[in-house]
Amino acid sequence: RSIRQYSDLDLFFGKKNSVVKYNLDTHESLWVADLPHGQTPKAIAQYEDFLLVIHQNWAGTKNISCLSERSGNLLWRYRYDFLCGWNIYFQPIFIGKDLIFKSGAVDFTKLCCETGRIIYKKSIKQKKLFSFEKFEIIYVGETLIAFSNKEIRKIDIASGQSEIDHELTKKFNVNGVTAYLGNGVSFVSSISSLNQQLEDEAAASTTAPAG
């Protein structure tokens, strides 16, 4: 049978072990997607037909699943810590049928939304010993930009190669930037990333030994 198209009255609920697509007009569940046993959704973001779900179990083990918004079928799934390094929060930038995200202090990854294939993993620049420099990435127009407190670099989306932009570095003071927003990142994705961070920090504070 034909797959039903998205409606403004469709919404998504995440609960332990599943994600449900529900229609407010018909009061029907359109599909139910199963998650690994014991996993609870923590964040949901949609881009075109792709539904990204971050979910974790009671022990804190996280996964990232991509579902088809229309059918609920699983397109791909990864362990969170496989895609993102320590203290890095998944905040995807959607470009066409691909997504790009920061995966380390100076690293980023390009992944195909449809298949989950990792197209490349790249370093923005070679990390020096005892260097604490870290980069953020932002998509503006059709340009992917990486910036640290010291410099601004342009990234070739097709190859992942980057080079410093001396003019932008000279004209824009990015030292001390604490928040940013460009194209390709939904507001929900950005806030979901922040909520994950706040939740992790709260959990860490409750388990930390008293001083």
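Can you find a residue that is open to solvent by 30 Å² or more (accessible area, probe 1.4 Å), among the hydrophobic types (A, V, I, L, M, F, W, C) and in a loop (DSSP other than H, G, I, E, B) anywhere in segment 86-93?
So in segment 86-93, the residues open to solvent by 30 Å² or more (accessible area, probe 1.4 Å) come out as 86-87, 89, 91.
Now drop any that are not among the hydrophobic types (A, V, I, L, M, F, W, C), which leaves 86.
Narrowing further to those that are in a loop (DSSP other than H, G, I, E, B): 86.
Yes, segment 86-93 contains a residue that is open to solvent by 30 Å² or more (accessible area, probe 1.4 Å), among the hydrophobic types (A, V, I, L, M, F, W, C) and in a loop (DSSP other than H, G, I, E, B).
Looking only at segment 152-177, which residues are at pLDDT 90 or above and part of a loop (DSSP other than H, G, I, E, B)?
D156, I157, A158, S159, G160, Q161, D165
For a quick check of your reading of the model, give me the residue pairs whose first member lies in segment 32-44 and is in contact (Cβ under 8 Å) with a residue 40 or more places away in the chain and under 11 Å from F13 (Cα atoms), whose second is among the aromatic types (F, W, Y) and in a loop (DSSP other than H, G, I, E, B), with beta-carbon atoms closer than 9 Å and at least 6 apart or on different chains.
A43/F90
Applying the selection to segment 24-40, what residues are modelled with pLDDT under 95 and touching a Leu at 6+ places or on another chain (Cβ under 7 Å)?
Answer for segment 24-40, where residues must be modelled with pLDDT under 95 and touching a Leu at 6+ places or on another chain (Cβ under 7 Å): L24, D25.
Quick check on E136: is it surrounded by 14 or more Cβ atoms within 10 Å (Cβ to Cβ), over 20 Å from A33 (Cβ atoms) and either without any contact (Cβ under 8 Å) to a residue 40 or more places away in the chain or out of contact with any strand residue (DSSP E or B) (no Cβ under 9 Å at 6 or more places or on another chain) (or both)? Walk me through it before giving the result.
Details: surrounded by 14 or more Cβ atoms within 10 Å (Cβ to Cβ): yes; over 20 Å from A33 (Cβ atoms): yes; either without any contact (Cβ under 8 Å) to a residue 40 or more places away in the chain or out of contact with any strand residue (DSSP E or B) (no Cβ under 9 Å at 6 or more places or on another chain) (or both): no.
Taking the combined requirement at face value, the residue does not satisfy it.
Looking at segment 18-38, is at least one residue in a strand (DSSP E or B), open to solvent by less than 50 Å² (accessible area, probe 1.4 Å) and touching a Pro at 6+ places or on another chain (Cβ under 9 Å)?
Yes: one or more hits.
Report whether or not N57 is in contact with an Asp or Glu (Cβ under 9 Å, 6 or more places away or on another chain), farther than 29 Å from I95 by Cβ and modelled with pLDDT of 90 or more. Lay out the reasoning, then the answer.
Numbers: in contact with an Asp or Glu (Cβ under 9 Å, 6 or more places away or on another chain): no; farther than 29 Å from I95 by Cβ: yes; modelled with pLDDT of 90 or more: yes.
No.
Residue-wise test of (1) over 12 Å from the mean Cα position of the chain (by Cα); (2) among the basic types (K, R).
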| position | (1), (2) |
| --- | --- |
| N73 | yes, no |
| R79 | yes, yes |
| F82 | yes, no |
| I93 | no, no |
| K97 | yes, yes |
| K110 | no, yes |
| T115 | yes, no |
| I119 | yes, no |
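The values are calculated or read from the model by the stated rules, or taken from the named source; none is laboratory data. Quick caveat, the model's predicted, so the values are computed rather than measured. Note that each Cβ is placed from the backbone with ideal geometry, even for glycine, and that neighbours are counted across all protein chains shown. With ligands, DNA and RNA removed, areas are computed over all heavy atoms of the protein, side chains included. Shrake-Rupley method; radii C 1.70, N 1.55, O 1.52, S 1.80 Å.
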